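Here is the structure we will look at.
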Amino acid sequence: MNVIKNLSTIWNLRVNTKKSGIMPIKYKLKNDSILDFTIVNNYKYLGVEIDNNGTISLHVKNVSTKINYL
């Protein structure tokens, strides 16, 4: 996280910690945040929901629910 913080400062970029999160894959963290980044159990990336096991089963479930609704 310090690397991201340092590089964003060097390149004059701001990281929006409210729109970003940390998702540990296959590991549990004791903290609920690191450097103002929230730790999340799943994350949506390019419209696909990925869970903290690295699978898209939650996404498949949500999409199939929407399909069955139609």
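The values are calculated or read from the model by the stated rules, or taken from the named source; none is laboratory data. Here the structure is a predicted model, which means the values were calculated and not measured. Ideal geometry is used to build each Cβ from the backbone, glycine not excepted, and the neighbour counts take in all protein chains shown. Side chains are part of the model used for accessible areas, which takes the heavy atoms of the whole protein and leaves out ligands, DNA and RNA. Shrake-Rupley method; radii C 1.70, N 1.55, O 1.52, S 1.80 Å.
For this structure, a couple of remarks:
- Distant-in-sequence amide H partners of Glu49 (H built 1.01 Å from N, under 5 Å): His59
- Over 29 Å between alpha carbons, listed pairs Lys30/Lys66; Lys5/Lys28; Lys5/Lys26: Lys30/Lys66
- Ordering of 8-17, 46-55 by packing [mean C-beta count within 10 Å, highest first]: 46-55, 8-17
- With all protein chains kept in place, the per residue accessible area of the chain amounts to 90 square angstrom at a probe of 1.4 angstrom.
- Here the accessible area is traced with a 1.4 Å probe on the protein chains. For the chain, carbon and sulfur cover 56 percent of it.
- Backbone HN-Hα couplings from phi across segment 37-51 [Karplus 6.51/-1.76/1.60, Hz, Gly and Pro as x]: 8, 6, 8, 10, 8, 8, 8, 9, 10, 6, x, 10, 7, 10, 8
- Taking all pairs of distinct alpha-carbon atoms in the chain, Kirkwood radius in angstrom: 14.0 Å
- Net charge contributed by nearby residues that have their C-beta within less than 14 Å of Thr17 (K/R +1, D/E -1): +2
- Nitroxide proxy distance, nm - points 7 Å out along Cα→Cβ at Thr9 and Ser64: 4.8 nm
- Between 0 and 90°, nearest 10: helix 57-69 axis offset from the chain longest Cα axis: 40 degrees
- Electrostatic dipole magnitude of the chain [Cβ: Lys, Arg +1; Asp, Glu -1; Cα centre; debye, to 20]: 40 debye
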